[in-house]
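Worksheet: one structure, shown below.
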Amino acid sequence: MIDLTLLRENPDVVKASQRARGADESLVDQAVAADEARRSSLQQFEVLRAEQNAFGKLVAAAPKDEKAALVAQAQDLAAKVKAADAAAAESQLVLDTVMWKIENVVLDGVPVGGEDDFVVLREVGEKRAFDFEIRDHVAIGESLDIIDIERGAKISGSRFYFLKGWGARLELALMSLALDQAAAAGFTALITPTLVRPEVMAGTGFLGEHADEIYYLPADDLYLTGTSEVALAGYHSNEIVDLSEGPARYAGWSTCYRREAGSHGKDTRGILRVHQFNKLEMFSYIEPEQAEAEHAKLLAWQEEMLQKCELPYRVIDTAAGDLGSSAARKFDAEAWVPSQASYRELTSTSNCTTYQARRLNVRYRREDGKTANVATLNGTLATTRWLVAILENHQQIDGSVLIPKALRPYLGGQERIEPKPSKTPKAGA
RNA sequence: GGAAGCGUGCCGGAGCGGCCGAACGGAACAGUCUUGAAAACUGUCGUAGUUAAUAGCUACCGUGGGUUCAAAUCCCACCGCUUCCUCCA
């Protein structure tokens, strides 16, 4: 939710932001009108209520024989108060509904336009020149017997998979490397619930247009989270967070579930786009003034991880139209995927400024003792998808895959994954 | 799954339907005293909305409804917690 004061004082700024996103600009005028209506009806209610409160004291103090007459009078007033209360509540609801729809105000410098209008900030690392026929991660995963997609489909359907042997260990190694890096940077590790209540899912802004992306368990009225961001953002909801010692930073690990409802036929091969994967997510609660600096730090930590995995990548500044509704700015890091001869998103970091915190009612105490909404930021530090880039970029002519040095300590010193004849027959073979 | 109990401010903990935004204790903050500190004493000490206002008014005692002229206090539902039994990784 955006700041109501900003809406009142600078509606044009909000309008310009909506325009840049390709979102509905008229919502701004609707909100301004709803705010005025709300304040006026609230005033009416409060005046009547004050009258009723004063009258109540009169009734309480009155001698017994006068009470009946006074109560009779008060009944009329009570009816008016009830009506005014209902009207005020209604106007509040109208305002909330509109405010809930207005997206975060984009920051200066965010590229205008849609999905394809991103700006490339930099390209880092050498793309390898392969002097042999490269294979994609599916072929590599099969020959090394570390990814079993057929059996994944057999037991759970398409977009499910098994990680096996060194594949399973590689993912755990990746997560551990990321967690260690995050911990060293001052993040508190957090293993989060992946089933959350409707109000948490709504509060983090995931139940809007993309509601069909989310798994829902009707028997329990719970949602499966597509990212630990949901739990991490909800962690401090309705709290006043202590930021006097610096920002609160959490590294959340969880399995993530996505229905991929809108992406039929897209990335159907392999484990690039799946219903279930693991992710280590960084999340910061910080004073709003420091949000942009924190955003740069999150991005730097992501790049550090990519470099540890020895992956060539580029960083893009996402255009306004491609931002999530909570994000004021978003940077993606995309790794080079040789089999596709293109860059694919491995990380994403969003500065949500105070938007998410306002919805979830997360505040901190400023130096002057007043409370204010914090800023929240999030960013990926590792996901299962990284295996795609690692396997493909580090494949060798002999069919093996060289393990990035930073990961080796987490794999018992193992330097490469060698193809070996599988003892388990292929499914259906 | 069965049974009982409980949800009040930063914490603990009172609260006959009107005098309760809420006793009392602790913590915290400011001051007095002190060379300084502790102790003692004095004071301050919830959040938000509205408003030009740190004036006033309004709302908030788990959440949402209801009863009443009036609800922290009565009724209902939900959520959560605790204990016991049952079950279980």
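The values are calculated or read from the model by the stated rules, or taken from the named source; none is laboratory data. These figures come from a predicted structure and were not determined experimentally. Cβ placement follows ideal geometry from the backbone for every residue including glycine, while neighbour counts extend to all protein chains displayed.
Considering every residue within segment A:338-353, establish whether at least one is over 30 Å from A:Trp100 (Cβ atoms), in a loop (DSSP other than H, G, I, E, B) and over 24 Å from the mean Cα position of the chain (by Cα).
Start the filter on segment A:338-353 by keeping residues that are over 30 Å from A:Trp100 (Cβ atoms), which leaves A:338-344, A:346.
From the residues that got through so far, the ones that are in a loop (DSSP other than H, G, I, E, B) too are A:341.
Those still in the list that are over 24 Å from the mean Cα position of the chain (by Cα) too: A:341.
Yes, the conditions are met somewhere in segment A:338-353.
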Which of the residues belonging to segment A:307-347 are touching a Gly at 6+ places or on another chain (Cβ under 8 Å) and either over 25 Å from A:Thr204 (Cα atoms) or among the small types (Gly, Ala, Ser) (or both)? A:Gln307, A:Glu310, A:Leu311, A:Pro312, A:Tyr313, A:Ala319, A:Ala320, A:Gly321, A:Gly324, A:Ser325, A:Ser326, A:Trp336
Considering only residues that are under 20 Å from A:Met1 (Cβ atoms) and touching a Ser or Thr at 6+ places or on another chain (Cβ under 6 Å), which ones fall in segment A:364-386? A:Asn373, A:Ala375, A:Leu377, A:Asn378
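Can you tell me which residues in segment A:37-71 are assigned to a helix (DSSP H, G or I), of a type in the set (A, V, I, L, M), within 9 Å of RNA strand B (Cβ to nearest atom) and over 47 Å from the mean Cα position of the chain (by Cα)? Let's see the steps before the verdict.
From segment A:37-71, those assigned to a helix (DSSP H, G or I) are A:37-61, A:64-71; that's our starting set.
Applying the additional criterion that residues be of a type in the set (A, V, I, L, M) yields A:37, A:42, A:47-48, A:50, A:54, A:58-61, A:68-71.
Adding the requirement that they be within 9 Å of RNA strand B (Cβ to nearest atom) leaves A:42, A:47-48, A:50, A:54, A:58-61, A:70-71.
Of everything in segment A:37-71, those that are assigned to a helix (DSSP H, G or I), of a type in the set (A, V, I, L, M), within 9 Å of RNA strand B (Cβ to nearest atom) and over 47 Å from the mean Cα position of the chain (by Cα) turn out to be A:Ala54, A:Leu58, A:Val59, A:Ala60, A:Ala61, A:Leu70, A:Val71.
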For segment A:221-235, what are the residues that are within 16 Å of RNA strand B (Cβ to nearest atom), free of Cβ contacts under 8 Å to residues at least 40 places away in the same chain, surrounded by fewer than 23 Cβ atoms within 10 Å (Cβ to Cβ) and not in a loop (DSSP other than H, G, I, E, B)? A:Leu222
A:Ala382 fails exactly one of the following numbered conditions: (1) in a strand (DSSP E or B); (2) of a type in the set (A, V, I, L, M); (3) surrounded by fewer than 23 Cβ atoms within 10 Å (Cβ to Cβ). What is the number of that condition? (3)
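Kindly evaluate A:Ala233 against the criterion of being at pLDDT 90 or above and assigned by TED's automatic domain parsing to the domain that holds A:Ala182. Even if it seems obvious, please write down each step before you answer.
Working: at pLDDT 90 or above: no; assigned by TED's automatic domain parsing to the domain that holds A:Ala182: yes.
For A:Ala233, the condition - at pLDDT 90 or above and assigned by TED's automatic domain parsing to the domain that holds A:Ala182 - is not met.
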Cβ pairs under 7 Å, 6+ apart, first in segment A:74-95 and near RNA strand B (Cβ under 9 Å from one of its atoms), second β-branched (Val, Ile, Thr) and part of a helix (DSSP H, G or I): A:Ala74/A:Val59
A:Ile397 meets each of (1) in contact with a Phe, Trp or Tyr (Cβ under 8 Å, 6 or more places away or on another chain); (2) over 30 Å from A:Asp96 (Cα atoms); (3) buried (at least 17 other Cβ atoms within 10 Å of the Cβ) with one exception, condition (3)
For segment A:94-112, name all the residues that are over 19 Å from A:Thr353 (Cβ atoms) and of a type in the set (Asp, Glu). A:Asp96
